[in-house]
Each structure stands twice: as C-alpha cells, then as structure tokens.
Amino acid sequence: MIYQFNVANIRSDCCAYTICAPFGNFDGVNETDVNITNGAVFVDAINGIKDTLTAALLHLGYPEAEGSKLTNTLSVIAKSIDSCIKGRLQSLI
C-alpha cells in the first residue's frame with residue numbers, strides 16, 4: 001500500500017534524507033520517497049501503520065500540513081530544522 005503524507009517544513013534534500021533514512025528501518029516499510037517541491041512523502045508499506053508513520057513524521061518535525069489537529073508550532077519547526085541539519089551531516093558520512 002502507498003501512503004501519501006502532505007507535510008510541512010520540508011526544505012531540502014537533507015530533510016528528505018532525514019525522513020527516508022529512519023523509515024527504511026521500519027518493519028513493513030518497503031520504500032520511501034519525498035517530493036520536496038510539493039512537501040509530499042510517499043511510503044510503500046504494509047496496511048495498518050499509517051498512524052505510526054504519522055507519529056514518526058511529527059517526531060522528526062514534519063507534521064501533516066492540513067487536515068490534522070496537530071499544529072506546526074515553533075517547537076515543531078525548530079525540530080524540523082534540527083532534523084534537517086542532522087540529515088545533512090549524516091548524508092556526508
């Protein structure tokens with residue numbers, strides 16, 4: 001099943017790396033792709049893990065852009081910047 005998430009705070013390839021790297025370690029996730037321009041995350045995974053993926057995105061600082069009770073607070077934006085910087089550093093290793 002392909003899950004699509006429209007998320008906030010995706011700014012660069014580093015953000016995409018920050019999302020794709022940990023998702024590759026999730027049981028049941030086959031592939032993850034990020035469209036930076038549209039702020040979309042596509043995850044090919046087994047049925048029934050959408051809530052887990054949504055929570056993981058929020059934890060990384062990339063909440064759903066619309067249709068969610070979660071808001072893009074200053075702390076979430078700061079977390080996304082932190083995640084993006086870490087993704088940049090990890091991609092250099």
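The values are calculated or read from the model by the stated rules, or taken from the named source; none is laboratory data. Predicted, not measured: the structure shown is a model, and the values here were computed from it. Glycine gets a Cβ as well: all are built from the backbone with ideal geometry, and neighbour counts include every protein chain shown. Just so you know, the surface numbers come from the protein's heavy atoms only, side chains and all, with ligands and any DNA or RNA stripped out. Shrake-Rupley method; radii C 1.70, N 1.55, O 1.52, S 1.80 Å.
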Legend entry - Pair list, Cβ < 9 Å and 6+ apart or interchain, from region 49-60 residues that are closer than 16 Å to SER83 by Cα to residues that are assigned to a helix (DSSP H, G or I) and open to solvent by 30 Å² or more (accessible area, probe 1.4 Å): ALA56/PRO22; LEU58/LYS79; HIS59/LYS79; LEU60/PRO22; LEU60/LYS79
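Can you find a residue in region 3-19 that is on the phi < 0 side of the Ramachandran plot and free of Cβ contacts under 8 Å to residues at least 12 places away in the same chain?
no
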